[in-house]
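Student: If you scroll down you'll find the structure; I have some questions about it.
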Amino acid sequence: MTLQNLITLTTGVSLLTCCLAVAGVHTYARGRAQRAALVDRLTATGQILPAGRRRRFRALDRRLRRTDLGRALELRLTATGLDVTPGEFLACMLAAVAALWLIGQATLAPFFGPLAGLLGVWAAWQFLNWQRQKRIERFINQLPELARILANATDAGLALRTAIGMAAEELEAPAGEELAKVANQLAVGHSLDDALGELADRLPSRELVVLVTTLVLSNRAGGQVVGALRNLTETLEERKETRREVRTQLSQVNMTSYAVPALGWAPCSSWTASRTAPSTA
């Protein structure tokens with residue numbers, strides 16, 4: 001009888017262990033799936049970076065993100081669309097500043113070393129502004145199509161969150177990437193006002209502010225989103241054509257502003273060469 005009880009106890013413990021093992025494997029697999037989904041959402045929202053290449057200066061990047069300067073730099077880099085972390089950008093900028101400082105100090109004079117370093121900081125910041133402005137211009141050109149897609153989707157009875165997700169899939173970069181971030185922020189629990197507000201902060205422009213304001217007010221008051229978006233589409237199309245005409249008319253003025261100093265410098269350089277040629281002979 002004792003042996004029979006021992007066999008029964010052993011069998012029960014074995015079955016319990018197997019059940020716990022199966023439950024543990026199931027919990028582990030479900031946790032990995034949830035973690036992968038969370039990583040995908042945070043990657044799309046820009047809170048973490050995709051695992052494409054190995055990131056450098058991780059410790060510097062973590063410390064920099066805790067500061068106001070790091071958060072502002074991260075927002076600026078996100079607006080440019082560059083696949084660079086704030087830590088990597090700061091390290092590269094400091095290296096360039098140090099190199100320019102040494103070159104200016106060695107080739108010219110010690111006084112020109114700090115000036116060359118400041119020139120490097122200014123050039124790096126202007127590069128970010130240039131990249132950001134290019135991305136904003138491309139995004140503004142896509143705004144009429146974006147408003148049209150949102151109007152058609154809401155006219156078909158879809159919610160505004162669903163319409164934003166559809167627009168993110170149909171539009172190309174940068175509008176598709178930015179709307180994908182907004183859609184993923186909405187998926188993880190952000191409000192529509194906060195998600196669209198961050199979009200307007202990343203890519204500041206009057207046209208985008210008007211679109212964001214229209215969507216936020218329509219979502220709050222429950223007004224006629226379709227009519228507002230259709231009117232906004234026509235307005236954005238007209239502004240797009242106006243911007244194109246203004247850019248075309250100003251292109252001649254810009255070329256003249258570059259050509260006049262060049263034409264003035266060429267005779268001066270030739271006159272200086274003619275004056276110095278006999279003395280050198």
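The values are calculated or read from the model by the stated rules, or taken from the named source; none is laboratory data. This structure is a prediction, so every number in the text was calculated from the model and none was measured. Cβ atoms come from the backbone with ideal geometry, glycine included; neighbour counts cover every protein chain shown. Calculation scope for accessible area: heavy atoms of the full protein, side chains included, ligands and nucleic acids excluded. Shrake-Rupley method; radii C 1.70, N 1.55, O 1.52, S 1.80 Å.
Student: What about Arg244, is it out of contact with any Leu (no Cβ under 9 Å at 6 or more places or on another chain), touching a residue at least 40 places away in the same chain (Cβ under 8 Å), open to solvent by 80 Å² or more (accessible area, probe 1.4 Å) and closer than 18 Å to Pro144 by Cβ?
Tutor: On the way: out of contact with any Leu (no Cβ under 9 Å at 6 or more places or on another chain): yes; touching a residue at least 40 places away in the same chain (Cβ under 8 Å): no; open to solvent by 80 Å² or more (accessible area, probe 1.4 Å): yes; closer than 18 Å to Pro144 by Cβ: yes.
No; evaluated as a whole, the condition is false for this residue.
Student: Could you check the stretch 189-212 and list, in sequence order, the residues that are under 23 Å from Glu237 (Cα atoms) and of a type in the set (A, V, I, L, M, F, W, C)?
Tutor: The answer is Leu196, Leu199, Ala200, Leu203, Leu208, Val209, Val210, Leu211, Val212.
Student: Residues Thr233, Thr256, Thr242, Thr213: which one is in contact with a helix residue (DSSP H, G or I) (Cβ under 8 Å, 6 or more places away or on another chain), β-branched (Val, Ile, Thr) and either modelled with pLDDT under 85 or closer than 24 Å to Leu38 by Cβ (or both)?
Tutor: Numbers: Thr256 fails: in contact with a helix residue (DSSP H, G or I) (Cβ under 8 Å, 6 or more places away or on another chain); Thr242 fails: in contact with a helix residue (DSSP H, G or I) (Cβ under 8 Å, 6 or more places away or on another chain); Thr213 fails: in contact with a helix residue (DSSP H, G or I) (Cβ under 8 Å, 6 or more places away or on another chain).
Just a single option satisfies the conditions, and that option is Thr233.
Student: Looking only at the stretch 137-170, which residues are more than 22 Å from Leu203 (Cα to Cα) and small (Gly, Ala, Ser)?
Tutor: Scanning the stretch 137-170 gives Ala153, Ala156, Gly157, Ala159.
Student: Within the stretch 152-182, how many residues are without any contact (Cβ under 8 Å) to a residue 24 or more places away in the chain and either at negative phi or surrounded by 18 or more Cβ atoms within 10 Å (Cβ to Cβ) (or both)?
Tutor: Let us first name the residues in the stretch 152-182 that are without any contact (Cβ under 8 Å) to a residue 24 or more places away in the chain, namely 152-153, 156-159, 162-170, 176, 182.
Cutting the leftovers down to either at negative phi or surrounded by 18 or more Cβ atoms within 10 Å (Cβ to Cβ) (or both) gives us 152-153, 156, 158-159, 162-170, 176, 182.
Summing the residues that are without any contact (Cβ under 8 Å) to a residue 24 or more places away in the chain and either at negative phi or surrounded by 18 or more Cβ atoms within 10 Å (Cβ to Cβ) (or both) in the stretch 152-182 gives 16.
Student: Then there's this: Of all residues in the stretch 1-15, which are open to solvent by 100 Å² or more (accessible area, probe 1.4 Å) and either within 55 Å of the chain's Cα centre (by Cα) or modelled with pLDDT of 75 or more (or both)?
Tutor: The one that is open to solvent by 100 Å² or more (accessible area, probe 1.4 Å) and either within 55 Å of the chain's Cα centre (by Cα) or modelled with pLDDT of 75 or more (or both): Leu15.
Student: Another one. Residues that are of a type in the set (Lys, Arg): list the helices (runs of 4 or more DSSP H) wholly contained in the stretch 72-175 that include at least 1 such residues.
Tutor: Values: elements: 86-107, 112-155, 160-170.
By residue number, 112-155, 160-170.
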